[in-house]
Amino acid sequence: MDGYVRPIAQTDPARPDGAQVLAGGWCWFDRVELLHRGEPPSVLAASELPSDILDRLSRPRMPLLGLDWTRPAIMGVLNATPDSFSDGGLYAAQADAIARAREISDEGANILDIGGESTRPGADTVPPEDEAARVVPVISAVAAFGPPVSIDTRKSAVAEAAVAAGAALINDVSGARYDPAILDVAARHDAPVCLMHSPDDPKTMQQDPRYDDVLLDVYDHLADRIRLAEATGVARHRILVDPGIGFGKTLAHNLALLRRLTLFHALGCPLLVGLSRKSFIGTLSGVRRAVDRVPGSLAAALAAVASGAQVLRVHDVAATRQAVSVMVPLMKTGGDLG
Ligand code: HH2
């Protein structure tokens, strides 16, 4: 089929006969938006889609990390860095990082994302030995008591050390462009990988980012990265995708991606989004300090849930857990959600 197919996600209890469940989750759709570069979008009945496309949109995603994707999962952020944009320096000491990991686990995170290098705009690259030294002891400690650990890194050497210490997921904000050998690490250890869109190095990514069509460019980019990962030996059902909100994107770019987020379900992989405390929330709400952006972060997180996003990467786990636990029963359609 020509063009890009975006399911129009719904959560209303009045679900028409023949409606499809979106990715085996909590949304349904009976219409899709057809998108073509340089042309106005059109709307089509889902029943008119070829069966392979319909199957890719509706098929339940394979369970990973003990998660079956029938409700939104929360990935709690733990930055063992001196300079992250919203919590830099708070958990740079090992004991503080481990205590924070315990706190996030108790608050109900389904995954703990541990990073040792800030990727905020303008950040400098950290040598792999230093990055590994920041995260490995924390991962070893957390793997013993916490939920599955994700290593937030762009470097194959750090991913290798993190997996050896017990990390179960590799989260690469460069989508394996910075160090493609990271895919060999994932393939060799059979570790699932999250491929995020980022156009350039963090150092320069916010300097006048441009796209022909941000939504379709990011989609094509992720489709390419999935092909490379598969060619390296990472099975498609072990890949998560992420449009990379705030990475090389203006406010207009971020909004275009979030308003049509459901397009990314057409890649056939669980969808992860990182919105928490990001600068677009500050711009929209006029809130300058990242730590004060929790209400805006929750609004954005719930909008992503209504688009069927399977994983929310957040700093404020307890608040997000509470918001999601109210949202899920409100979206429940006909007893098919746990
Ligand atoms: N955002 C950040 C870092 N890692 N990973 C994924 N998959 N998606 C994201 O949106 C994402 C990410 C940036 O946030 P944070 O870790 O809090 O800050 P910093 O990069 O400054 O450490």
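The values are calculated or read from the model by the stated rules, or taken from the named source; none is laboratory data. Everything numeric here is computed off the predicted structure, so don't read it as measured data. In this analysis, Cβ positions are derived from the backbone assuming ideal geometry, glycine residues included, and neighbour counts consider all displayed protein chains.
Quick look at the values:
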item: Region 125-149 residues that are farther than 21 Å from Ile74 by Cβ, paired with ones that are surrounded by fewer than 23 Cβ atoms within 10 Å (Cβ to Cβ) (beta carbon under 7 Å, 6 or more apart); result: Pro128/Ala157; Ala132/Ala157; Ala132/Ala161; Val136/Ala161; Val136/Ala165; Pro137/Gln94; Ser140/Ala165; Ser140/Gly166
item: Residue count, region 199-219 (criterion: touching a strand residue (DSSP E or B) at 6+ places or on another chain (Cβ under 9 Å) and either of a type outside the set (Phe, Trp, Tyr) or on the phi > 0 side of the Ramachandran plot (or both)); result: 3
item: Helices (runs of 4 or more DSSP H) fully within region 96-199 counting 1 or more residues that are in contact with a Phe, Trp or Tyr (Cβ under 9 Å, 6 or more places away or on another chain); result: 128-145
item: Residue in region 121-136 that is surrounded by fewer than 17 Cβ atoms within 10 Å (Cβ to Cβ), under 20 Å from the mean Cα position of the chain (by Cα), of a type outside the set (D, E, K, R) and at pLDDT below 95 present; result: yes
item: Residues of region 163-182 classified as in contact (Cβ under 8 Å) with a residue 40 or more places away in the chain, over 21 Å from Val311 (Cα atoms) and surrounded by 19 or more Cβ atoms within 10 Å (Cβ to Cβ), total; result: 1
item: Selection from region 221-278 of residues that are aliphatic (A, V, I, L, M) and within 14 Å of the ligand (Cβ to nearest atom); result: Leu222, Ile239, Leu240, Val241, Ile245, Leu257, Leu258, Leu261, Leu271, Leu272, Val273, Leu275
item: Residue check for Val32: within 16 Å of the ligand (Cβ to nearest atom) and part of a strand (DSSP E or B); result: no
item: Subset of region 64-87 that is of a type in the set (A, V, I, L, M) and assigned to a strand (DSSP E or B) - its residue that is nearest to the ligand (Cβ to nearest atom); result: Val77
item: Leu90 vs. criteria farther than 25 Å from Val185 by Cβ, out of contact with any Pro (no Cβ under 6 Å at 6 or more places or on another chain), free of Cβ contacts under 8 Å to residues at least 60 places away in the same chain and not in a helix (DSSP H, G or I); result: yes
item: Test: residue in region 178-200 that is among the basic types (Lys, Arg) and within 16 Å of the ligand (Cβ to nearest atom); result: no
item: Test: Asp208 is away from the ligand (no atom under 15 Å from the Cβ), among the acidic types (Asp, Glu), at pLDDT below 95 and farther than 19 Å from Arg6 by Cβ; result: yes
item: Flag for Val291 being among the β-branched types (Val, Ile, Thr), touching a Leu at 6+ places or on another chain (Cβ under 6 Å), under 26 Å from Glu103 (Cα atoms) and at pLDDT 95 or above; result: no
